[in-house]
Structure formats: C-alpha cells, structure tokens
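These notes are about the structure you will find just below.
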Amino acid sequence: MIRKATEVRPRITKAAFECLRCGHITFVDQNSFKFEEPFAGCEDENCGKKGPFKVRIEDSTFIDAQKLQIQESPENLKGGSQPQSLEVDSEDDLTGNVTPGDRVIINGILKSRQRTLKDGKSTFYDLVLEANSIEHLDKDYDELEITAEDEEEILELSHDPEIYNKIISSVAPSIYGYEDIKEALALQLFSGVVKNLPDGSRIRGDIHIMLVGDPGIAKSQLLRYVVKLSPRGVFTSGRSASASGLTAAAVKDDLNDGRWTIEGGALVMADMGIAAVDEMDKMKTEDKSALHEAMEQQTISIAKAGIIATLKSRCALLGAANPKYGRFDRYESLAEQISMPPALLSRFDLIFVLLDTPDHNMDTKIANHILQSHYAGELFEQRERLPGSHIKEDFVEAEMEVIEPVIQPELMRKYVAYARKNVFPVMEEDAKAYLISFYTDLRKTGESKNTPVPVTARQLEALVRLSEASARVRLSNTVTLEDAKRTIRIEMNCLKNVGVDPETGALMQIYLHLEQA
C-alpha cells in the first residue's frame, strides 16, 4: 500500500558546465546522489583551468523523479507485528501515477544506500527499491476493464426481471434476512447521479447510510462486505478514528527536505468509493464535527502548519452505531441515544434501526442459516487442510450454495462500474409528482407548533438520489414511478423505527394515505 508520495521533481542526469574563462562546455554524468562537478577541469585543450564553472540548465538533461514510501498490506500481517515500510525511487514515466492509499505491485531492484550523518558517514545502510514497473491492484470504478464478453453478460443480467432480488441476495449472503437494508446498500454501491450545475455548484450523488442497532446483529459484517465490493473501500472503527485520521493530517515529510505536507485520512483515501465507519457512537464529539463538510460538500478544507488546501472526498459514508444503553429504546429520540448531533444525523440519507426482538419462527430460520454457514465452512476447511479427508469437492460445493452469492463479487463490481459509467437516468413527470406529494405530506406533520419537523429538504434530495440508483440497477436511463415507489418503501422502513411515536403512530397514517393515493 502506498503510504506517502512526494511531488514529481526534475532530477539532473547529465549536467552541462560552461567554463567562465573560455566558454567551453563540459558534460558530467550525475549517477550518484551527490552533485558532481568537473574535477579534471575544463576539457578545452588550450584552457585546462579548474574553474570557475557555471551550470547551463538549458543544455543539461533532466528526468522526472519521485520518491514513494510503501507499506505491507494490513491483510497479510501476522498478529502483533507492525507493517514494514520501504522507500521506492521511481523515475520517468513511472512518476505521478500513484496516490497515497493505492494498493500496488512494484517490481524493481533492491539496493542499499549508506546513511549520511552530520559528522560523516554512518555504519548503517538503508534499503531502497528502484522501481521498474508499477501495477495497480484495486482500480476505481472508472478504471475497471470490462471486456466485450463481460458487457454481454452485464446487459443480459440487466434484462432479468429478478435483477433486484439477485443483487440483494449477492450482498452479504452469509447474513440471513435484512432484505431492506441489503437493498439500500446495493443502491449505495450504484449511487445517484452527480450534478455539476452551470453556476459552478455541485450536488452530490453519493448516498450516506447509517445503521443503528442492538449489539450482535451483524452490523460490522455488513460494513465489511460492502467495503470489499467497493473498489476503493476503507474501513475504520470509532474509538481509533480521530478527526485528522478521518480527514487529513499535517505531517513533517521524511522523504523530502523535512517540510510540512498534508497526508490524507480515511475519507480522502476512499475518494470515489465507500468509507465505512464502525462504532460511530464511540467517536469523540470534536471528531464527529469533522464529518459535516466531508458528507455534504464532499471536500475537506485544511488550514494547518501554513498549508491552506482543499482535498476531495467524493465517497459514500456507511456508518454503524450502538445505542448508548446497549439496547434501542423506541420512546427516546435517536440523537440522544447515539450521542450524535442532529445536524450530522440529518446528513444521512437513510438511517436504519435494527431491533433484536425475539420471534420464534425468525430465530429458528436465523439459527439454521448460521449453523449451515458454519457447517459449510467446516467442510471447506477440513477438505483444504486435512490430507486424509474423505470429503468430496462437489459435496462441499452443494453445502456452500446457501451462502454463495448469486452474482459473483467480481461480476458484481463490473456491473456496478458499468452502470456508474454509462447510465445517467432522468426522472419522469409521474415519478416527480409522487415524490413531491410524499415529501409535502410528510412536512405537514410539522405544521403544528409543538411538534418537531420530521424531515428536511435533504430527505427529498435523498429520495431523488435513491430513485436514480434504483434506475441504474436495471441500467435504465429513465427514473419511473416504480423506482419512486421502491425508494419511498425503503424510506418508510427507516422512518417507521426512527420517526414514529410508538403510541400515536403519526407517520403510519401518512403512509396509509399515500398507499391509497
């Protein structure tokens, strides 16, 4: 993984020295890291003096050079060991291709260089890799290669009437149920359309989702699966994520001349992907405030250590939080239970509340699914690791079917990439009217002075984004009434638990009125 990358600078490889006495030009190759002058003196036979010389920039040869610092991928580490890092020198056309956070394979020649101290040379040597080639591992949606066969398969899938169910069952198949949440997560992958307006403003297309719920109901597992599906997915956890870790930090640059530089955090590294933040309730209050700008404007502005900069963080945020008292209380407001400011909560397009309520039928199904998953895993591990195992491969595959995604992750990624690249849906009139009537009816409940307003204009924008994502799922360039209805069904699933007073059920009446309409 690329940890740091300096800016691309010109490095001199052949210096042209002009003799100030006779004007003759002497060329000296610069192979080492120390700048070498013509020790033998002027090469002109009649002159031969040892100086003075002046470097002629226009006659010298330069090459682009960049220093990188790479670090072991966290997945390959053994427990307790820190990731090792290595310095890389890249030159010419290899420069400027990578940014911090990229996962790469670098081929090169490993060389050792002696350290220099203030009072001479050190006995220690540093390892440096001279890069010959750099290959990207995880590509953005825009960079995924989609062959003609892939495109054919994608288009065939999009015409399948069961496409929504297939995509929902391909998101975290090892977790039972939660169809509405999986549907929302699938829409988050596809995302709405980014609009760049003529006046220079930008409306985000990324969908932010928050999962709040009782412990032990697979929130983190859902987060990890979505990060795995997204090309630039970053996973962080609450207590270990600080404001500068999420946004950006000012650090002294060891690779260059010790100047202050900006190092991007998790939200910057997840640009054009998904950033998952688990245990959001455990974050410090001042760290949560760093998310405001990143979520709505999708930029991160910095004024630290004499550097004033704006970084891009065009990522969708997927958060998970546990309620304060361990279990969710339907009679208390959401903001109080997860100690998050309402201004931040309003920036989430969808907030799901997951309740762990005992239900004999459901519990039996979940228990069967969990045990089936474990059984399939046991069979697979025994077949792989035990030399004398009698378990046949087709038997393992048959048992694995329950937790096997309908659409394989690789194809799913390509399908999402194709949709995001080629599909830009436009909303039909009846879908517009349906969303407006839903929004205005919802706002009506806040007309009386003593009730809080349940929704803001942000929710209407969220409905538009979700409808666009729903059209993208079937690779359609029009948002139909069906998409609007699907979106409102998902929104109502959220509001049922978040915005409904359990005694009066105010929102439920609106929902019924809309269904009749």
Check on SER85, touching a residue at least 12 places away in the same chain (Cβ under 8 Å) and surrounded by 11 or more Cβ atoms within 10 Å (Cβ to Cβ): yes
Search the range 405-446 for residues being among the acidic types (Asp, Glu) and exposed (fewer than 14 other Cβ atoms within 10 Å of the Cβ), and hand back the single one that is farthest from GLU468 (Cα to Cα). GLU410
Out of the residues in the range 1-23 that are farther than 21 Å from THR61 by Cα and among the charged types (D, E, K, R), which is nearest to the chain's Cα centre (by Cα)? ARG3
Please give the number of the condition ALA40 fails out of (1) loosely packed, with under 12 Cβ neighbours inside 10 Å; (2) at positive phi. (2)
Which of the residues belonging to the range 314-329 are modelled with pLDDT under 80 and either crowded, with 20+ Cβ neighbours inside 10 Å or within 12 Å of VAL212 (Cβ to Cβ) (or both)? LYS324, ARG327, PHE328, ASP329
Tell me which of these PRO387 doesn't satisfy, since it passes every other one: (1) assigned to a loop (DSSP other than H, G, I, E, B); (2) touching a residue at least 12 places away in the same chain (Cβ under 8 Å). (2)
I'd like to verify a number: residues in the range 1-16 that are assigned to a strand (DSSP E or B), in contact (Cβ under 8 Å) with a residue 60 or more places away in the chain and closer than 20 Å to TRP260 by Cβ, how many? 4
Can you tell me which of (1) touching a residue at least 60 places away in the same chain (Cβ under 8 Å); (2) over 27 Å from ARG103 (Cα atoms) is the one LEU311 doesn't meet? (2)
What's the number of the condition LEU442 fails, among (1) under 26 Å from ASP160 (Cβ atoms); (2) in contact with a helix residue (DSSP H, G or I) (Cβ under 7 Å, 6 or more places away or on another chain); (3) modelled with pLDDT under 80? (1)
Looking at (1) modelled with pLDDT under 85; (2) part of a strand (DSSP E or B); (3) over 30 Å from GLY264 (Cα atoms), which is the one condition that is false for ARG113? (3)
Residues in the range 138-156: is at least one touching a strand residue (DSSP E or B) at 6+ places or on another chain (Cβ under 7 Å), outside the structural domain of HIS369 (by TED's automatic domain parsing) and buried (at least 16 other Cβ atoms within 10 Å of the Cβ)? no
Filter the range 163-197 for residues that are in a loop (DSSP other than H, G, I, E, B) and aliphatic (A, V, I, L, M) and give the result. VAL171, ALA172, ILE175, VAL193, VAL194, LEU197
The conditions are (1) under 25 Å from the mean Cα position of the chain (by Cα); (2) loosely packed, with under 13 Cβ neighbours inside 10 Å; (3) at pLDDT 80 or above; (4) among the acidic types (Asp, Glu), and ASP160 fails exactly one of them. Which is it? (1)
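This table checks each residue for (1) in a helix (DSSP H, G or I); (2) over 22 Å from SER191 (Cβ atoms); (3) in contact (Cβ under 8 Å) with a residue 40 or more places away in the chain.
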{"position": "THR261", "(1), (2), (3)": "no, yes, yes"}
{"position": "VAL268", "(1), (2), (3)": "yes, no, yes"}
{"position": "ASP281", "(1), (2), (3)": "yes, yes, yes"}
{"position": "MET295", "(1), (2), (3)": "yes, no, yes"}
{"position": "SER301", "(1), (2), (3)": "no, yes, no"}
{"position": "LEU318", "(1), (2), (3)": "no, no, yes"}
{"position": "LYS324", "(1), (2), (3)": "no, yes, yes"}
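Every residue, every condition in (1) part of a loop (DSSP other than H, G, I, E, B); (2) at pLDDT below 75; (3) farther than 30 Å from THR26 by Cβ, yes or no:
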{"residue": "ASN46", "(1), (2), (3)": "yes, yes, no"}
{"residue": "GLY51", "(1), (2), (3)": "yes, yes, no"}
{"residue": "ILE70", "(1), (2), (3)": "no, no, yes"}
{"residue": "PRO83", "(1), (2), (3)": "yes, no, yes"}
{"residue": "ASP93", "(1), (2), (3)": "no, no, no"}
{"residue": "GLY96", "(1), (2), (3)": "yes, no, yes"}
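The values are calculated or read from the model by the stated rules, or taken from the named source; none is laboratory data. Remember, predicted model here, so these are calculated numbers, not experimental data. For neighbour counting, all protein chains shown are included, and Cβ atoms are generated from backbone atoms with ideal geometry for every residue, glycine included.
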